[in-house]
Amino acid sequence: MRKGLVLTATIGILAATITFADQTSKVVIPAGKTAPNDARQMYTNYCAPCHGVDGKGKGPVAPAMKSSPTDLTQLTRNNHGKYPDTHVVAVLQFGSTLSSHGSAAMPVWGPIFGNMSRTNVQEKQLRISNLAHYLESIQQP
Ligand code: HEC
């Protein structure tokens, strides 16, 4: 059975740990199981619905959202040519700081990945750092 990540405050065991500003529309992302060392698979399952397979922010769920998902291929460009690794890791761990209203439209992944790997604390960090490296690999000038 596939587990679904339900991005509202009300449904699912994982929901309590997800902040999601877009309360008006219900965005459901089917979160299949992924290997912590397969960043591309994690990206495709967990990030592409909003950020798009190519990272440009035009995933299938994006039109339903109030705030547009960030173009993830421009992170280096928007940070004076240096890939913001520490920032990306912090965003994945603790959530985005971009939202001006306190509740970010970007799910907080740290607790979600934590729930996926309850028996292995290092696995959560592995998922986050592998995803951060994957994003570095899709940067465009
Ligand atoms: C439900 C839609 C959604 C999903 C799924 C999603 N994001 Fe986001 N993401 C957003 C939105 C919207 C923003 C814009 C920032 C905001 O409004 O909070 C964003 C912003 C970001 C940022 C930039 C934040 C900043 O402060 O600079 C990064 C990096 C990011 N996402 C990475 C990821 C990764 C990696 C995944 C998969 C593990 C992912 N996102 C999954 C919606 C999503």
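The values are calculated or read from the model by the stated rules, or taken from the named source; none is laboratory data. Here the structure is a predicted model, which means the values were calculated and not measured. All Cβ positions, even for glycine, are placed from backbone atoms using ideal geometry, and neighbour counts span all protein chains on display.
Numerical summary
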quantity: Residue in region 123-133 that is under 21 Å from residue 59 (Cβ atoms) and among the acidic types (Asp, Glu) present; calculated: no
quantity: Cβ pairs under 7 Å, 6+ apart, first in region 53-70 and more than 24 Å from residue 41 (Cβ to Cβ) and more than 10 Å from the ligand (Cβ to nearest atom), second assigned to a loop (DSSP other than H, G, I, E, B) and among the β-branched types (Val, Ile, Thr); calculated: none
quantity: Checking residue 83 against (1) more than 8 Å from the ligand (Cβ to nearest atom); (2) without any contact (Cβ under 8 Å) to a residue 40 or more places away in the chain; (3) under 18 Å from residue 139 (Cβ atoms), the condition it does not meet; calculated: (2)
quantity: Helices (runs of 4 or more DSSP H) lying entirely in region 50-141 (those with 2 or more residues that are farther than 20 Å from residue 35 by Cβ); calculated: 85-94
quantity: Identity of the residue in region 73-102, among the β-branched types (Val, Ile, Thr) and modelled with pLDDT of 90 or more, that ends up nearest to the chain's Cα centre (by Cα); calculated: 91
quantity: Number of the exception - residue 92 against (1) within 9 Å of the ligand (Cβ to nearest atom); (2) touching a residue at least 60 places away in the same chain (Cβ under 8 Å); calculated: (2)
quantity: Region 50-73: number of residues that are of a type in the set (Asp, Glu) and buried (at least 18 other Cβ atoms within 10 Å of the Cβ); calculated: 0
quantity: Test: residue in region 76-89 that is surrounded by 19 or more Cβ atoms within 10 Å (Cβ to Cβ), in contact with a Phe, Trp or Tyr (Cβ under 8 Å, 6 or more places away or on another chain) and not aromatic (Phe, Trp, Tyr); calculated: no
quantity: Given (1) more than 7 Å from the ligand (Cβ to nearest atom); (2) surrounded by 19 or more Cβ atoms within 10 Å (Cβ to Cβ), index of the condition residue 44 fails; calculated: (2)
quantity: Hey, residue 117 among the hydroxyl-bearing types (Ser, Thr, Tyr), within 15 Å of residue 47 (Cβ to Cβ) and surrounded by fewer than 17 Cβ atoms within 10 Å (Cβ to Cβ) or not; calculated: no
